[in-house]
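What follows is one structure encoded as structure tokens, with my remarks underneath.
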Amino acid sequence: MVQYASPPLDLSFAALSDATRRGIIDQLGRGDASITSLADKFRMTLTGMKKHVQVLERAGLVVTQKVGRVRTCKLGKRGLTAEAEWIEAHRKLFEARFDALDEIIGELKQEENDGSAG
């Protein structure tokens with residue numbers, strides 16, 4: 001089987017496939033936060049939140065820093081440029097396919113109208 005996927009994209013899309021992790025990204029977009037405060041906000045255990053943060057870290061979407069006993073999370077610097085470009089390229093592909101389908105349907109309707117008029 002041929003594999004076309006890019007590992008960084010795979011990690012990003014896997015990380016973003018979970019609603020809690022998307023919520024964490026949204027929350028960190030408003031400001032840095034400790035894992036404890038994120039766990040409280042999302043009403044989950046510290047262990048559960050740490051697992052979510054680790055997935056986001058592996059994808060490069062979040063970075064953490066430990067100062068004393070507090071681990072602070074913030075958005076990673078790489079952003080989502082590659083992911084946005086991939087989505088945009090595929091959006092254009094789908095759009096072109098749907099436009100072609102619309103054209104075929106229009107031609108079939110025109111033929112149907114021409115045939116019933118005669």
Would you mind finding the one in ALA19, ALA33 that is crowded, with 17+ Cβ neighbours inside 10 Å and hydrophobic (A, V, I, L, M, F, W, C)? ALA33
Which of the residues spanning region 4-16 are exposed (fewer than 13 other Cβ atoms within 10 Å of the Cβ) and hydrophobic (A, V, I, L, M, F, W, C)? ALA5
Expected single match for out of contact with any strand residue (DSSP E or B) (no Cβ under 8 Å at 6 or more places or on another chain) and closer than 16 Å to ILE24 by Cα among GLY68, GLY115, GLY79 is GLY79
Quick one: is GLU85 surrounded by 13 or more Cβ atoms within 10 Å (Cβ to Cβ) and charged (D, E, K, R)? no
Conditions (1) in contact with a Ser or Thr (Cβ under 9 Å, 6 or more places away or on another chain); (2) in contact (Cβ under 8 Å) with a residue 12 or more places away in the chain; (3) not charged (D, E, K, R) -> GLY48 fails only (2)
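Coordinate-derived values only; no laboratory data. Here the structure is a predicted model, which is why all the values come from computation and not from measurement. Positions of Cβ are backbone-derived with ideal geometry, glycine not excepted, and every protein chain shown enters the neighbour counts.
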